[in-house]
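To start, the structure itself, in C-alpha coordinates.
The values are calculated or read from the model by the stated rules, or taken from the named source; none is laboratory data. Since the structure is predicted, the reported quantities are computational estimates derived from the model, not experimental observations. For neighbour counting, all protein chains shown are included, and Cβ atoms are generated from backbone atoms with ideal geometry for every residue, glycine included. Keep in mind that these areas ignore ligands, DNA and RNA; they rest on the heavy atoms of the full protein, side chains included. Shrake-Rupley method; radii C 1.70, N 1.55, O 1.52, S 1.80 Å.
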Amino acid sequence: MNRELKVLYSAQFVNALADYLLIPIFALLVIQISTKVQLVGVLFAIQYLTSSVVSLFVIRMKDQSHLDEYLLKLNYFIKGFGWLFLIFFQTVPMLIFVEILIGIASGIGSPSFSSLISEHLDKNKHLAEWGDSILIQNLAIGLGSLLAGYILASHGFTAIFIAMTIFEFASFFICHYALQKRYSR
(Lines give C-alpha, C1' and ligand atoms only; values in the text may rest on other atoms or scores of the structure.)
Protein backbone atom coordinates (compact mmCIF):
# COMPACT_ATOMS: atom_id res chain seq x y z
CA MET A 1 0.00 0.00 0.00
CA ASN A 2 1.42 3.39 -0.96
CA ARG A 3 1.98 6.33 1.35
CA GLU A 4 -0.94 8.42 0.04
CA LEU A 5 -3.44 5.62 0.69
CA LYS A 6 -2.10 5.19 4.22
CA VAL A 7 -2.60 8.91 4.83
CA LEU A 8 -6.12 8.86 3.38
CA TYR A 9 -7.09 5.77 5.35
CA SER A 10 -5.69 7.28 8.55
CA ALA A 11 -7.63 10.51 8.09
CA GLN A 12 -10.81 8.63 7.23
CA PHE A 13 -10.40 6.36 10.27
CA VAL A 14 -10.25 9.38 12.57
CA ASN A 15 -13.17 11.03 10.74
CA ALA A 16 -15.38 7.91 11.02
CA LEU A 17 -14.41 7.56 14.68
CA ALA A 18 -15.62 11.12 15.28
CA ASP A 19 -18.90 10.56 13.44
CA TYR A 20 -19.69 7.38 15.33
CA LEU A 21 -19.12 8.90 18.72
CA LEU A 22 -22.47 10.59 18.15
CA ILE A 23 -24.51 8.55 15.69
CA PRO A 24 -25.41 5.66 18.06
CA ILE A 25 -26.57 8.09 20.77
CA PHE A 26 -27.90 10.92 18.60
CA ALA A 27 -31.52 10.26 19.56
CA LEU A 28 -30.62 10.66 23.23
CA LEU A 29 -29.14 14.09 22.51
CA VAL A 30 -32.22 15.20 20.59
CA ILE A 31 -34.60 13.96 23.29
CA GLN A 32 -32.49 15.71 25.94
CA ILE A 33 -32.77 19.01 24.04
CA SER A 34 -36.31 18.58 22.72
CA THR A 35 -39.04 16.14 23.69
CA LYS A 36 -40.05 15.71 20.05
CA VAL A 37 -38.79 12.28 19.00
CA GLN A 38 -39.65 12.91 15.34
CA LEU A 39 -36.97 15.62 15.33
CA VAL A 40 -34.34 12.87 15.15
CA GLY A 41 -35.61 11.81 11.72
CA VAL A 42 -35.99 15.41 10.59
CA LEU A 43 -32.39 16.22 11.54
CA PHE A 44 -31.00 13.17 9.72
CA ALA A 45 -33.14 14.05 6.71
CA ILE A 46 -31.78 17.61 6.74
CA GLN A 47 -28.21 16.29 6.79
CA TYR A 48 -28.63 13.73 4.02
CA LEU A 49 -30.76 15.93 1.77
CA THR A 50 -28.23 18.74 2.12
CA SER A 51 -25.43 16.29 1.36
CA SER A 52 -27.27 15.07 -1.75
CA VAL A 53 -27.81 18.58 -3.10
CA VAL A 54 -24.18 19.59 -2.46
CA SER A 55 -22.95 16.34 -4.04
CA LEU A 56 -24.89 17.19 -7.21
CA PHE A 57 -22.77 20.31 -7.57
CA VAL A 58 -19.50 18.68 -6.57
CA ILE A 59 -19.77 15.77 -9.01
CA ARG A 60 -20.34 18.24 -11.83
CA MET A 61 -17.20 20.23 -11.05
CA LYS A 62 -14.41 20.04 -13.57
CA ASP A 63 -11.43 18.11 -12.22
CA GLN A 64 -8.61 20.46 -11.40
CA SER A 65 -5.19 19.92 -9.93
CA HIS A 66 -5.59 18.87 -6.28
CA LEU A 67 -9.27 19.94 -6.13
CA ASP A 68 -10.31 16.64 -4.58
CA GLU A 69 -7.68 17.01 -1.88
CA TYR A 70 -8.76 20.58 -1.07
CA LEU A 71 -12.41 19.53 -0.88
CA LEU A 72 -11.60 16.59 1.40
CA LYS A 73 -9.68 18.86 3.76
CA LEU A 74 -12.53 21.40 3.65
CA ASN A 75 -14.91 18.58 4.61
CA TYR A 76 -12.91 17.80 7.77
CA PHE A 77 -12.54 21.49 8.59
CA ILE A 78 -16.28 22.21 8.29
CA LYS A 79 -17.17 19.16 10.36
CA GLY A 80 -14.71 20.23 13.05
CA PHE A 81 -16.40 23.60 13.34
CA GLY A 82 -19.84 22.01 13.35
CA TRP A 83 -18.98 19.89 16.36
CA LEU A 84 -17.23 22.85 17.97
CA PHE A 85 -20.48 24.84 17.87
CA LEU A 86 -22.27 22.04 19.72
CA ILE A 87 -19.78 22.23 22.58
CA PHE A 88 -21.20 25.64 23.42
CA PHE A 89 -24.75 25.63 22.05
CA GLN A 90 -26.84 22.49 22.41
CA THR A 91 -30.16 23.83 21.15
CA VAL A 92 -32.59 22.77 18.43
CA PRO A 93 -31.67 25.67 16.09
CA MET A 94 -27.98 24.86 16.52
CA LEU A 95 -28.64 21.16 15.82
CA ILE A 96 -30.39 22.16 12.58
CA PHE A 97 -27.50 24.46 11.64
CA VAL A 98 -24.91 21.78 12.42
CA GLU A 99 -26.80 19.12 10.45
CA ILE A 100 -26.75 21.48 7.45
CA LEU A 101 -22.99 22.03 7.95
CA ILE A 102 -22.35 18.29 8.25
CA GLY A 103 -24.47 17.72 5.14
CA ILE A 104 -22.42 20.28 3.21
CA ALA A 105 -19.18 18.73 4.47
CA SER A 106 -20.27 15.21 3.57
CA GLY A 107 -21.49 16.37 0.17
CA ILE A 108 -18.05 17.65 -0.72
CA GLY A 109 -16.04 15.09 1.26
CA SER A 110 -17.50 11.79 0.06
CA PRO A 111 -16.87 12.26 -3.67
CA SER A 112 -13.47 13.78 -2.91
CA PHE A 113 -12.41 10.86 -0.73
CA SER A 114 -13.53 8.34 -3.35
CA SER A 115 -11.69 10.28 -6.04
CA LEU A 116 -8.46 10.36 -4.06
CA ILE A 117 -8.66 6.68 -3.20
CA SER A 118 -9.26 5.80 -6.84
CA GLU A 119 -6.37 8.00 -7.93
CA HIS A 120 -3.91 6.32 -5.56
CA LEU A 121 -4.86 2.67 -5.88
CA ASP A 122 -1.88 0.48 -6.67
CA LYS A 123 -1.99 -1.44 -9.93
CA ASN A 124 -3.53 -4.89 -9.56
CA LYS A 125 -4.50 -4.21 -5.93
CA HIS A 126 -7.84 -2.41 -6.39
CA LEU A 127 -9.93 -5.07 -4.69
CA ALA A 128 -7.59 -5.36 -1.70
CA GLU A 129 -7.16 -1.61 -1.27
CA TRP A 130 -10.87 -0.80 -1.57
CA GLY A 131 -11.39 -3.64 0.90
CA ASP A 132 -8.83 -2.06 3.23
CA SER A 133 -10.79 1.19 3.03
CA ILE A 134 -14.01 -0.52 4.10
CA LEU A 135 -12.25 -2.53 6.79
CA ILE A 136 -10.65 0.57 8.30
CA GLN A 137 -13.93 2.48 8.23
CA ASN A 138 -15.82 -0.39 9.85
CA LEU A 139 -13.20 -0.65 12.59
CA ALA A 140 -13.59 3.07 13.29
CA ILE A 141 -17.38 2.77 13.32
CA GLY A 142 -17.19 -0.11 15.78
CA LEU A 143 -14.72 1.66 18.04
CA GLY A 144 -16.63 4.96 17.92
CA SER A 145 -19.91 3.22 18.68
CA LEU A 146 -18.35 1.39 21.60
CA LEU A 147 -16.78 4.53 23.04
CA ALA A 148 -19.95 6.62 22.61
CA GLY A 149 -21.85 5.07 25.47
CA TYR A 150 -18.88 5.06 27.82
CA ILE A 151 -18.01 8.71 27.19
CA LEU A 152 -21.65 9.76 27.47
CA ALA A 153 -22.15 7.87 30.74
CA SER A 154 -19.00 9.21 32.36
CA HIS A 155 -18.61 12.71 30.89
CA GLY A 156 -21.75 13.74 28.97
CA PHE A 157 -22.41 15.13 25.52
CA THR A 158 -20.03 18.07 25.82
CA ALA A 159 -17.09 15.68 26.17
CA ILE A 160 -18.27 13.81 23.09
CA PHE A 161 -18.39 17.04 21.08
CA ILE A 162 -14.93 18.01 22.30
CA ALA A 163 -13.57 14.62 21.18
CA MET A 164 -15.37 14.87 17.84
CA THR A 165 -13.98 18.36 17.24
CA ILE A 166 -10.44 17.21 18.04
CA PHE A 167 -10.79 14.14 15.79
CA GLU A 168 -12.11 16.15 12.83
CA PHE A 169 -9.33 18.71 13.07
CA ALA A 170 -6.86 15.81 13.41
CA SER A 171 -8.23 14.39 10.14
CA PHE A 172 -7.71 17.79 8.54
CA PHE A 173 -4.12 18.02 9.76
CA ILE A 174 -3.31 14.44 8.74
CA CYS A 175 -4.39 15.25 5.18
CA HIS A 176 -2.97 18.74 5.10
CA TYR A 177 0.52 17.99 6.32
CA ALA A 178 1.02 14.47 5.06
CA LEU A 179 -0.30 15.06 1.56
CA GLN A 180 1.35 18.46 1.34
CA LYS A 181 4.77 16.76 1.44
CA ARG A 182 4.08 14.90 -1.78
CA TYR A 183 3.83 18.20 -3.69
CA SER A 184 7.03 19.61 -2.28
CA ARG A 185 9.13 16.63 -3.38
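Considering only protein heavy atoms, what is the solvent-accessible area of ASP63 at a probe of 1.4 Å, reported in Å² to the nearest 10?
Accessible surface of ASP63 is approximately 140 Å².
Using r as the Cβ-Cβ distance of LEU139 and LYS6, and R0 as 25 Å, what FRET efficiency do you calculate, to the nearest 0.05?
Using R0 = 25 Å, I get an efficiency of 0.95.
Which distance in nm do the two modelled labels at SER52 and ILE162 give, with both placed 7 Å along the Cα-to-Cβ direction?
So the two model labels end up 3.8 nm from each other.
For the full complex of protein chains and a 1.4 angstrom probe, list PHE57, PHE97, PHE113, PHE169 by accessible area with the highest value first.
From most accessible down to least: PHE57, PHE97, PHE169, PHE113.
What percent does the relative contact order of the chain come to when contacts are Cα pairs within less than 8 Å and at least six residues apart?
Rounded, it is 44 percent for the chain.
Hey, what do the phi angles of segment 14-31 turn into as Karplus ³J(HN,Hα) couplings, whole Hz, using 6.51/-1.76/1.60 and θ = phi - 60°, x for Gly and Pro?
5, 4, 5, 4, 4, 4, 8, 6, 9, 3, x, 10, 4, 4, 5, 4, 4, 5
Rounded to the nearest 20 debye, what is the charge dipole size of the chain about its Cα centre when +1 sits on each Lys and Arg Cβ and -1 on each Asp and Glu Cβ?
That gives a dipole near 240 debye.
Ignoring ligands, DNA and RNA, please state the percent of accessible area on the chain from carbon and sulfur, probe 1.4 Å.
69
How large is the accessible surface of LEU152 in square angstrom, using a 1.4 angstrom probe and rounding to the nearest 10?
40
Hey, of (1) 52, 34, 29; (2) 74, 32, 25; (3) 121, 31, 25, which did the structure itself give for Cα extents along the principal axes in Å when calculated?
(1)
Along the positive direction of the dipole of the chain (beta-carbon charges: Lys, Arg +1; Asp, Glu -1; about the Cα centre), which of ILE59, GLN180, VAL92 reaches farthest?
About the Cα centre, the residue reaching furthest to the positive side is GLN180.
Using a 1.4 angstrom probe on the protein heavy atoms only, line up ILE166, ILE104, ILE151 by accessible area, largest first.
ILE166, ILE104, ILE151
Starting from the Cα of LEU67, step 7 Å toward the Cβ, then list every residue of segment 91-125 with an amide N under 19 Å from that point.
Residues 104-120 qualify, since their backbone N sits under 19 Å from the label point.
Top to bottom by accessible area (1.4 Å), largest first, where do VAL37, VAL58 land?
Sorted by accessible area, descending: VAL37, VAL58.
Can you work out ³J(HN,Hα) from phi for every residue in segment 82-89, in order, using Karplus 6.51 cos²θ - 1.76 cosθ + 1.60 and θ = phi - 60°, giving whole Hz and x for Gly and Pro?
For segment 82-89, the Karplus-derived couplings read x, 5, 4, 4, 6, 5, 9, 10 Hz, x marking Gly and Pro.
From the phi angles alone, apply the Karplus equation (6.51, -1.76, 1.60; θ = phi - 60°) to segment 102-111 and give each ³J(HN,Hα) in whole Hz, x where the residue is Gly or Pro.
Each residue of segment 102-111 in turn: 5, x, 4, 4, 5, x, 8, x, 4, x Hz.
State in Å² the accessible area per residue of the chain; use a 1.4 Å probe, count heavy atoms of protein chains only, and round to the nearest integer.
The answer is 52 Å² per residue.
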